[in-house]
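As structure tokens, the structure follows; a few thoughts come after it.
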Amino acid sequence: MAEQKRDYYEVLGVEKNADDAAIKKAYRVLAKKYHPDMNPGDAEAEKKFKEASEAYAILSDPEKRRQYDQFGHAAFDNGAGGGGFGGFDFNSADFGDIFGDIFGDFFGGGSRRSGRASNAPMKGANLRTSVHITFEEAVFGTSKTIELNVKEECKTCHGTGAKEGTQPITCPKCGGKGQVVFTQQSFFGTVRNVQTCPDCNGTGKVIKDKCTDCHGSGYVPMKKRFEVDIPAGIDNGQCKRLAGMGEPGVNGGPRGDVLVEVIVGRHPIFQRQDYNIYSTVPVSFAVAALGGEVVIDTVDGKVIYDVKPGTQTDTKIRLKGKGVPNLRNKEVRGDHYVTLVVQVPDKLSGEAKELLRKFDEVSGDSLNAAKRMGDGGAAEGKEKKKKGFWK
Ligand SMILES: [Zn+2]
Ligand SMILES: [Zn+2]
């Protein structure tokens, strides 16, 4: 052999008469220390890791160890001794199994192939649906009935899936464990593989004669009605969860949930953002100028609001506590913001026109002051409007 190879016992740092446990322990220590996952990009560590793995592969196998003891490295050179093996494939699947066996606990538990017990109880699937409600229903809460197809236990076989008068039997392949273990002789020694039993899919039971109503599944789809309590304050797109109403669990696991998405319809005059409501209310030119009452629609009904004399268009007012109740505490409510829009009349009778002209003449001094001053007056007006938000 061209390459100088270190003695396998020396590599693992054990005595020639070391027992299996000592060899395993020594390899474990070295493998943890030099594993590529622990030493990314370190070529020296990788080399040491391979060297230790090769030594372990030979010394952990009684037959190979005997050959090695007798012939040394020559035992595994091509043509000599009878090993007939030239190199290792450290990325092979067999090698992965050694890892699971040797230090599965260190690298996150168990061999990569065995996985978790497949007949463990598992929660059933969630079912999704949606319900449409009005804007007002979202504000004050409501109750809706929905219909869903849900799997229910088959009445004919009481959920066993077996034909009337028969019972599922313990799976002969896995003896009811749901998993099969098969051992494989490989170069590295005996490899144990754990797999979900293919005959019973991990349930541990097989049905010889299937129930004709549910075709052996034990469940039949049933239309079910649910009452959904929708709390005050819910918003478009939010979900209400009906815990434990979904699909049945597996192996005795709990049922999944039903998730009901709430879709809130648009309102002709109200808009909502979070817990606040927004709307606009027209105010006549005369009321805006002279002051007076306007009627404002809120979710609680009509509110009479006193408009101050000289109210400009786009004036925003806040009706405190007239918004949407908080989902967590419906006593706490958002506000309702109203934008007052002054209506400029576009159809006037002759009399009204006459009066307006008169009004213009009479108020000429005050109203036209800005016009006479040029742009300065208008600019001042704009500034005022900005500051006057949300009074
Ligand atoms: Zn059935
Ligand atoms: Zn089985």
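The values are calculated or read from the model by the stated rules, or taken from the named source; none is laboratory data. All values derive from a computational prediction rather than experimental measurement. Note: ideal-geometry Cβ built from the backbone for every residue, glycine included; neighbour counts use all protein chains shown. When the accessible area is computed, the model is the full protein with side chains, heavy atoms only, and any ligands, DNA or RNA have been set aside. Shrake-Rupley method; radii C 1.70, N 1.55, O 1.52, S 1.80 Å.
Miscellaneous remarks
- With eigenvalues of the C-alpha gyration tensor scaled by 5 and rooted, segment 254-318, Å: 39, 10, 9
- When you work out D = kT/(6 pi eta Rh) for segment 127-264 at 10 °C and 1.306 mPa s, using the Kirkwood radius from C-alpha pairs as Rh and the Stokes-Einstein form, the result is 87 µm²/s.
- Long-range tail of P(r) for segment 132-213 (Cα pairs > 21 Å, %): 59
- The stretch between ARG192 and ARG318, if pulled fully straight at 0.36 nm per residue, gains 38.0 nm over its current Cα-Cα span.
- Computed with a 1.4 Å probe over protein heavy atoms only, the accessible surface of segment 1-50 comes to 70 Å² per residue.
- When ARG66, ARG28 are compared by accessible surface with a 1.4 Å probe, the order from highest to lowest is ARG66, ARG28.
- Note, ³J(HN,Hα) from phi for segment 155-164, Karplus 6.51, -1.76, 1.60, rounded to Hz, x at Gly and Pro: 6, 5, 10, 6, x, 7, x, 8, 4, 3
- Estimated from the Cβ-Cβ distance and a Förster radius of 22 angstrom, the FRET efficiency linking LYS25 and ALA74 is about 0.20.
- For GLU137, solvent-accessible area (1.4 Å; no DNA, RNA or ligand), Å²: 50
- Per residue value of the accessible surface for segment 271-343 (all protein chains in place, 1.4 Å probe), Å²: 57
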